[in-house]
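Each reported figure results from applying straightforward, stated rules to the coordinates on display, with no laboratory input. What you see is a predicted model; the values in this text were computed from it and never measured. Here the Cβ positions follow ideal geometry from the backbone for every residue, glycine too, while neighbour counts run over all protein chains shown.
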Amino acid sequence: MDRIEVIQALIDGRGYRRYLEIGCAGDECFSRVRAAYKVGVDPVVGGTLRMASDEYFAMAVETFDLVFIDGDHRHPQVFRDVCHALRHLSPDGTLVMHDCLPPDAVHESPSLCGTVWRVLAKIRERPDLEAVTADFDYGVGIVRKRPNTAPIRVGLSMDDLIYADLVANREAWMRPVTPARVLEIAEGAKGSGG
Ligand SMILES: C[S@@+](CC[C@H](N)C(=O)[O-])C[C@H]1O[C@@H](n2cnc3c(N)ncnc32)[C@H](O)[C@@H]1O
């Protein structure tokens with residue numbers, strides 16, 4: 001399973017119609033995702049709108065069922081993208097974040113996974129957001145507007161976190177899950193809202 005299959009499982013399982021992708025590059029994901037309505041934002045290439053995410057959210061009025069955040073991978077920008085996306089997410093919507101599990105410190109380079117994981121760790125503190133991380137394809141964060149069933153306390157700002165903190169707290173902070181659990185999350189919503 002990869003990020004694209006996660007996104008499609010959520011769209012199909014939950015009957016989502018409206019999809020937003022931040023950071024599209026060569027449209028490997030954007031062109032393959034099937035949804036009734038799609039918007040893709042990238043200042044360089046791919047998607048449907050040629051602009052940076054900040055510029056897009058400054059003018060956006062739409063709501064989406066699934067927002068996939070995969071643009072600038074540095075945590076200050078990812079955090080801004082998450083905050084903006086949550087405002088444009090439908091109540092039963094899902095936020096998906098790529099590159100939440102860099103396999104080593106080298107992968108914290110902005111050209112690889114960056115420091116997206118630090119944003120996911122801060123999300124895990126919030127009482128109003130339920131988040132897990134699909135443990136493949138460099139970590140695919142899945143965030144829903146639900147009470148947090150396993151909140152954590154990170155105790156450090158995003159700027160102060162280092163890769164060793166991720167290694168030491170990977171299970172509790174990131175909540176890695178298998179493809180089978182991802183499918184349960186995607187399909188569970190059909191009847192249970194879970
Ligand atoms: C890792 S690629 C996206 C890959 C794609 N989502 C996929 O799954 O195949 C990152 C993209 O984010 C774009 N990007 C960088 N900064 C951005 C920003 N501030 N807003 C939106 N996109 C940005 C880059 O131009 C690049 O095309």
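Quick one: if you take sqrt(5λ) for each eigenvalue of the C-alpha gyration tensor of segment 1-100, what semi-axes come out, biggest first, whole angstrom?
So the equivalent ellipsoid measures 18, 15, 13 Å along its semi-axes.
Quick one: length gained pulling VAL44 to ASP104 fully straight, 0.36 nm per residue minus the C-alpha distance?
18.8 nm
Taking springs between alpha-carbon atoms closer than 10 angstrom, which of GLU125, GLU62, GLU21 fluctuates most in the Gaussian network model of the chain?
Largest GNM mean-square fluctuation: GLU62.
What is the gain in length, in nm to one decimal, between ARG74 and GLU125 on full extension, counting 0.36 nm per residue of separation less the C-alpha to C-alpha distance?
16.4 nm
Distance from a point 7 Å along Cα→Cβ of VAL61 to each backbone N in segment 77-96: keep the residues under 16 Å and list them by number.
Answer for this model: 88.
Would you kindly calculate the mean projected area, averaged across all directions, of the convex hull enclosing the Cα atoms of the chain, in square nanometres?
That works out to 9.8 nm².
How many nm separate the modelled label positions at ALA150 and GLU28, each set 7 Å beyond the Cα in the direction of the Cβ?
About 2.9 nm, to one decimal.
Using 1/(1 + (r/R0)^6) with R0 = 22 angstrom and r between the beta carbons of THR178 and SER90, what's the FRET efficiency to the nearest 0.05?
0.25
Once you've got the GNM for the chain with C-alpha springs shorter than 10 Å, pick whichever of ARG80, ARG32, ARG118 has the biggest mean-square fluctuation.
ARG32
Taking only Cα atoms and a 10 Å spring cutoff, compute GNM fluctuations for the chain and point out the largest among GLY23, GLY155, GLY139.
Among GLY23, GLY155, GLY139, the largest mean-square fluctuation in the Gaussian network model of the chain belongs to GLY155.
Return TRP173, TRP117 ranked ascending by Cβ neighbour count within 10 Å, so the fewest neighbours appear first. If you can, show how the numbers build up before the last one.
Numbers: TRP173 24, TRP117 31.
By the 10 Å Cβ count, ascending, the order reads TRP173, TRP117.
How large is the charge dipole for the chain, taken about the Cα centre, if only the Cβ atoms of Lys, Arg (+1) and Asp, Glu (-1) carry charge, to the nearest 20 debye?
Here the chain has a charge dipole of around 620 debye.
Sorted from largest down, what three extents in whole angstroms do the Cα atoms of segment 132-194 have along their principal axes?
41, 25, 15
Sorted from fewest to most neighbouring beta carbons within 10 Å, what does the list VAL33, VAL182 look like?
Listed from fewest to most nearby Cβ atoms, that is VAL33, VAL182.
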